[in-house]
């Protein structure tokens, strides 16, 4: 720790701190444009100049370390002045230079109202210009369907370039030319290839890069902001849902150090327009082969008529990828009271039994824990597409120091160097028998981590593969009471919560494939499962939000609420319990899902014992206490689970693993309803074809 | 410098690959750098690619270099667009890079520019005969021989429009040309020929041992007068203080400022200086803020001012009125009454 005096206040900070960090520790505000906590230091905007006593000129505080400051003549701690005349003059000068070429188009700029340059010009600038010459004009660039450019406004902070090169690992942007003619662009104006590219518009301190889909649509001051959680994948990114009236306008990231730091994927951000289209806003009833709009009463009585005459053994219930814990709990309670045994939430057909223990279906280390791993084996997963922000964490870990990453499964560009080991289960066996050189790296590692993807589990021999991976984890000592280096990478937001609730077949019940099989059952409750088609024969009650595959197959449609329209609990792939918040109301006659099930239970004569969300949650928490601890990961006994899993046995086949998420941009009903994500998807497909050539 | 873009697709070659000779050379360049730092070779490789492609860099060459070094294409494009030495569009057989930075500009680069405009048209275009294209670039580091231009690999300096025209004619006709200064000076020696180190004896060897001869001569003279003591004996009997300037001729300090004189116990201003001073009665300037080092003088000056009836009654904390007549500036007049302590001119 080093002492430093900031504006007369002495603070004790680590020597490796920069002056900017030291000033912030002392409570002084330092303006900045190019500096960003999570990016490398560029030091090119000069806005953070401060006066350092003894230095001949103001110094850029973002790039000047506390340990590089010289003490005073009598050994006094170095002194920084952030409010002195020199500092003020330096800031005014920098601001004047920045504004020389910056257009005065704030009234039509999408950044207006949340613009760093605007705010800092107000706080630190002067009120007039002395520049009479022509301003620089820069051609607009095409850099993809998600980010619009207004390059006249660019102040060359290079945050976008650094973000893509460092965090995203897809260095698509660069700065061509030099000096005044420097321009930010992608190579020959091709679309950026990163699944995190939307973040560059968030990072842009001016309006040079703005979100294309909502450009000219929103002003920050007309939005109501609701803190929530993303459900596009199982990572559960912290988001802020910005709504105008009842319409969700945009989704922005929130900082959550344990999950997404401050980034979100493009799917999370731009699924917004999917929330508006293809919505189910009233109940529907199939009559004579055609769906017709119906009232709630009609829909309920149709269901009741069907259920009453059906043997509970011929009834099944399935849960899709986007359902919250509350409605799954309500559905399970209703089905249990009806005596239904065929329940399943494992839409992809994953071979996971919650009885094995929680460590068998979550990532025990947590996402932040990845930073402590020193060797990572990915089995049947492409984390870049299945859990983008988790992949960012692995890349961050790789940037921090040497990291051995091995991949078994489909070859993929993970954005960090990795050893491609093989395509299928036999490679796992080779690794276990030490035939592969990567086995040494795993054995030598202090904290190895084995991540098994859904692609490896969602197949007939999934249990055997899980057993083999667990056995390998046990043999290399990956799982100890201190370090649970074995985990499963879930891809659906609803899955961990549903498994926690035990929404799996009870004795004698069918599993997902069995329920969906043609003619297997007479009545099927489908809570938002859109990825699997339920075979002909059954009377399907679909409760969901979008007119997607599930609704097309339904005999009764009950319109539910999307994740931005209800307060619902989701458990992410780490096992972290989080809740969404309501940013707006569901469209039309649509209702919150738990309330629909509660109303339906009344019609079925099996009234559920809760009349409000809080009563439901009280019952839920009494039964499953860990749901009450928000934003925490309930501890689980990974050692015992891995022991159990290793004992499962079974012989894996030799079929190669396939991706759990074939199309990143179209992985659920909301995303499939989004026009923006459809465009991204087609671009990605073209890029994939080009890469294959 | 304008925005630099790749040449239009119609001019781009369909493919680029290093010739086997250049590929070997490139490999040698890459091998200079440790594993993982191959990107350091990007400039030599781009240069070679440009040379191989007739003086300009096509898109495919940028991509080839990027692929060879394992860099993203945009990173190599950044380098290629940063430096004007990489031409992104086809250039003439002779590519003239005219320096337009300040030293060349003040020595006449603007006339050269006008000349090139007149003869070749706008920069960046190849002349009809395919011989020339030109570009104004920033400093090429030959300011001593400004104005200058780089034509292909060589510098041509001390140019005038006439000389440049002749040079271009010669190049176009394939006649031999002189590289470097076009007015006959060697390297960067002064324009009128060398004016230092001109003594022929410096170079003919006659100076070798000259200092020794001088000492021997002195010693002969001394020996004629008295028995010379050894230098050690002399040093013992006549010690000198160990100062940096020990043994040098005693000199007065360079400055003879009033403050120094005051410190030495003398009157700050010499009477002779006072006689030289301007006549206060004719000065309209007010005495400056008094210099603290010479209070005695100020008192005198004020008394003198009061006697002379000048405006010394003005409050001290107000700025003095500025002199109205152009003949005597405030600086010239003020020290007469209140010499500035650090002004050495007045002391001598």
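Readers should treat all values here as calculations from the given coordinates under stated rules, not as data from a laboratory. Small disclaimer: the values here were computed from a predicted structure and weren't measured. Note: ideal-geometry Cβ built from the backbone for every residue, glycine included; neighbour counts use all protein chains shown.
Out of the residues in the stretch A:139-150 that are surrounded by fewer than 23 Cβ atoms within 10 Å (Cβ to Cβ) and more than 11 Å from chain B (Cβ to nearest Cβ), state the one that is nearest to the chain's Cα centre (by Cα). Top of the filtered list is A:145.
Residues that are touching a residue at least 40 places away in the same chain (Cβ under 8 Å), under 28 Å from residue A:215 (Cβ atoms) and surrounded by fewer than 22 Cβ atoms within 10 Å (Cβ to Cβ) do not occur anywhere in the stretch A:313-322. Criterion applied to A:161, A:210, A:167 was being away from chain B (no Cβ under 14 Å) and over 22 Å from residue A:250 (Cα atoms), and the one residue passing it is A:167. In this structure, does residue A:426 turn out to be over 26 Å from the mean Cα position of the chain (by Cα) and without any contact (Cβ under 8 Å) to a residue 12 or more places away in the chain? So residue A:426 fails the test.
Within the stretch A:585-597, can one find any residue that is surrounded by fewer than 22 Cβ atoms within 10 Å (Cβ to Cβ) and farther than 22 Å from residue A:541 by Cβ? Within the stretch A:585-597, one or more residues are surrounded by fewer than 22 Cβ atoms within 10 Å (Cβ to Cβ) and farther than 22 Å from residue A:541 by Cβ.
Checked against the criterion of being in contact with a strand residue (DSSP E or B) (Cβ under 6 Å, 6 or more places away or on another chain) and part of a helix (DSSP H, G or I), the stretch B:79-99 contains one or more residues that satisfy it.
Taking the stretch A:632-668 as the region of interest, how many residues are in contact with a strand residue (DSSP E or B) (Cβ under 6 Å, 6 or more places away or on another chain) and surrounded by fewer than 18 Cβ atoms within 10 Å (Cβ to Cβ)? Residues flagged as in contact with a strand residue (DSSP E or B) (Cβ under 6 Å, 6 or more places away or on another chain) and surrounded by fewer than 18 Cβ atoms within 10 Å (Cβ to Cβ) within the stretch A:632-668 amount to 1. Against the definition (exposed (fewer than 11 other Cβ atoms within 10 Å of the Cβ), in contact (Cβ under 8 Å) with a residue 12 or more places away in the chain and more than 14 Å from chain A (Cβ to nearest Cβ)), how does residue B:49 come out, yes or no? Here the answer is no, as residue B:49 does not meet what is asked.
Looking at B:103, B:13, B:44, just one residue is under 30 Å from residue B:173 (Cα atoms), surrounded by fewer than 21 Cβ atoms within 10 Å (Cβ to Cβ) and more than 14 Å from chain A (Cβ to nearest Cβ), and that residue is B:13. Annotation: residue B:58 fulfils all but one of (1) within 35 Å of the chain's Cα centre (by Cα); (2) within 14 Å of chain A (Cβ to nearest Cβ); the unmet one is (1).
Kindly provide the set of residues from the stretch A:501-522 that are surrounded by fewer than 23 Cβ atoms within 10 Å (Cβ to Cβ), under 26 Å from residue A:562 (Cα atoms) and touching a helix residue (DSSP H, G or I) at 6+ places or on another chain (Cβ under 7 Å), ordered by number. Within the stretch A:501-522, A:502, A:504 qualify. Picking from residues in the stretch A:172-201 that are over 17 Å from residue B:71 (Cβ atoms) and assigned to a strand (DSSP E or B), the one that is nearest to the other protein chains (Cβ to nearest Cβ) is A:183.
For residue A:136, the conditions (1) within 14 Å of chain B (Cβ to nearest Cβ); (2) within 23 Å of residue A:690 (Cβ to Cβ); (3) touching a helix residue (DSSP H, G or I) at 6+ places or on another chain (Cβ under 9 Å) are fulfilled apart from (2).
In summary, strands (runs of 3 or more DSSP E) completely within the stretch B:100-214 and bearing 3 or more residues that are touching a strand residue (DSSP E or B) at 6+ places or on another chain (Cβ under 6 Å) occur at B:132-137, B:149-151. Given the condition in contact with a helix residue (DSSP H, G or I) (Cβ under 9 Å, 6 or more places away or on another chain), under 19 Å from residue B:73 (Cβ atoms) and within 14 Å of chain A (Cβ to nearest Cβ), answer yes or no: does some residue in the stretch B:22-40 qualify? Looking for residues that are in contact with a helix residue (DSSP H, G or I) (Cβ under 9 Å, 6 or more places away or on another chain), under 19 Å from residue B:73 (Cβ atoms) and within 14 Å of chain A (Cβ to nearest Cβ), one finds at least one in the stretch B:22-40, hence yes. Looking at the structure I just gave you, is residue B:7 out of contact with any helix residue (DSSP H, G or I) (no Cβ under 7 Å at 6 or more places or on another chain), more than 14 Å from chain A (Cβ to nearest Cβ), under 19 Å from residue A:187 (Cβ atoms) and part of a loop (DSSP other than H, G, I, E, B)? For residue B:7, the condition - out of contact with any helix residue (DSSP H, G or I) (no Cβ under 7 Å at 6 or more places or on another chain), more than 14 Å from chain A (Cβ to nearest Cβ), under 19 Å from residue A:187 (Cβ atoms) and part of a loop (DSSP other than H, G, I, E, B) - is not met.
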